[in-house]
Amino acid sequence: MNDGHDSEFIDYDVLEESPAGPLLLAATDQGLCTVAFGGLPDALEKLRRWKMNWMPEAGLRRNPGRLRTFAGQLDEYFAGRRKEFDLPIDLRGTEFQRRVWTALLKVPYGETASYKDIAESIGAPKAVRAVGGANNRNPVPILVPCHRIIGASGQLVGYAGGLNIKTTLLQLEISAETS
């Protein structure tokens, strides 16, 4: 029976192997909405929380075919053959978070910026801690390169996937730049 409303779905799949470990990828009709680190149970829980905040009526369905292009571009990135993604992204968050995430997209491949740099670039120089909070809530890490953001001292600090993954991603980019 069709009541005139199409069901909305968030499609997901798992990229089992990557230098960052398993990654759950999820997409809405607007684009990639979640990249979650870790095994399926934990990553799926993160996706469920995102869904409850932004699309509570949507269904979840595993759909590898729908995520193939997204997974392919990530594979190219991990192989050092892709420096920029040309995928639609569905970034949902507060206005401040979206401003931060947009600024992160401007940090070039293989380079870093500090939380202070990002705060200044969005016109909120005193909001360094808030920038860190927005960075931590980035729903699509790697594509929105929060791993490129470091402390003012040049130290690697904070990363939702863990500092080991942040280090791996930065080293991957630096080695791809020098080869």
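The values are calculated or read from the model by the stated rules, or taken from the named source; none is laboratory data. Everything quoted here is computed from the prediction, not taken from an experiment. Note: ideal-geometry Cβ built from the backbone for every residue, glycine included; neighbour counts use all protein chains shown. To get the accessible areas, we keep the full protein, side chains included, count just its heavy atoms, and leave off ligands, DNA and RNA. Shrake-Rupley method; radii C 1.70, N 1.55, O 1.52, S 1.80 Å.
Does ASP90 count as within 15 Å of CYS33 (Cα to Cα) and in contact with a Gly (Cβ under 6 Å, 6 or more places away or on another chain)? Break it down into steps so the answer makes sense when it comes.
Values: within 15 Å of CYS33 (Cα to Cα): yes; in contact with a Gly (Cβ under 6 Å, 6 or more places away or on another chain): yes.
For ASP90, the condition - within 15 Å of CYS33 (Cα to Cα) and in contact with a Gly (Cβ under 6 Å, 6 or more places away or on another chain) - is met.
Are there any pairs, at least 6 apart or on different chains, whose C-beta atoms fall under 8 Å, with the first in the stretch 48-71 and of a type in the set (D, E, K, R) and the second in a strand (DSSP E or B) and open to solvent by 40 Å² or more (accessible area, probe 1.4 Å), and if so, which?
Here the result reads ARG48/LEU60; LYS51/LEU60; ARG61/PHE9, each pair linking the stretch 48-71 to a residue that is in a strand (DSSP E or B) and open to solvent by 40 Å² or more (accessible area, probe 1.4 Å).
Of all the residues that make up the stretch 66-115, how many are open to solvent by 20 Å² or more (accessible area, probe 1.4 Å), assigned to a loop (DSSP other than H, G, I, E, B) and under 22 Å from LEU24 (Cα atoms)?
Qualifying residue count for the region: 13.
Of the residues in the stretch 150-179, how many are touching a Leu at 6+ places or on another chain (Cβ under 7 Å) and either in a loop (DSSP other than H, G, I, E, B) or touching a residue at least 40 places away in the same chain (Cβ under 8 Å) (or both)? Even if it seems obvious, please write down each step before you answer.
Applying the first criterion (touching a Leu at 6+ places or on another chain (Cβ under 7 Å)) to the stretch 150-179 yields 150, 156, 163, 166-167.
Subsequent filtering for residues that are either in a loop (DSSP other than H, G, I, E, B) or touching a residue at least 40 places away in the same chain (Cβ under 8 Å) (or both) retains 156.
Adding up the residues that qualify gives 1.
From GLU84, GLU95, grab the single residue that is at pLDDT below 95, on the phi < 0 side of the Ramachandran plot and among the charged types (D, E, K, R). Step through it out loud before you land on a result.
On the way: GLU95 fails: at pLDDT below 95.
It is GLU84.
Scanning for something touching a strand residue (DSSP E or B) at 6+ places or on another chain (Cβ under 7 Å) and not in a loop (DSSP other than H, G, I, E, B), does the stretch 120-134 turn up at least one residue?
No, the stretch 120-134 has no match at all.
Collect the residues in the stretch 94-107 that are out of contact with any Pro (no Cβ under 7 Å at 6 or more places or on another chain) and either β-branched (Val, Ile, Thr) or free of Cβ contacts under 8 Å to residues at least 40 places away in the same chain (or both), keeping them in residue-number order.
THR94, GLU95, PHE96, ARG98, ARG99, VAL100, THR102, ALA103, LYS106
Taking THR102 and the conditions (1) closer than 21 Å to GLY162 by Cβ; (2) out of contact with any Gly (no Cβ under 9 Å at 6 or more places or on another chain); (3) at pLDDT 95 or above, which numbered condition does it fall short on, given that it satisfies the others?
Among (1) closer than 21 Å to GLY162 by Cβ; (2) out of contact with any Gly (no Cβ under 9 Å at 6 or more places or on another chain); (3) at pLDDT 95 or above, the lone unmet condition for THR102 is (1).
Can you find even one residue in the stretch 146-157 that is of a type in the set (D, E, K, R) and crowded, with 18+ Cβ neighbours inside 10 Å?
First, pick out the residues of the stretch 146-157 that are of a type in the set (D, E, K, R): 148.
Still in the running and crowded, with 18+ Cβ neighbours inside 10 Å: 148.
Yes; the residues of the stretch 146-157 include at least one that is of a type in the set (D, E, K, R) and crowded, with 18+ Cβ neighbours inside 10 Å.
Does LEU163 satisfy the condition of being more than 24 Å from GLU95 (Cα to Cα) and open to solvent by 60 Å² or more (accessible area, probe 1.4 Å)?
Numbers: more than 24 Å from GLU95 (Cα to Cα): yes; open to solvent by 60 Å² or more (accessible area, probe 1.4 Å): yes.
Yes.
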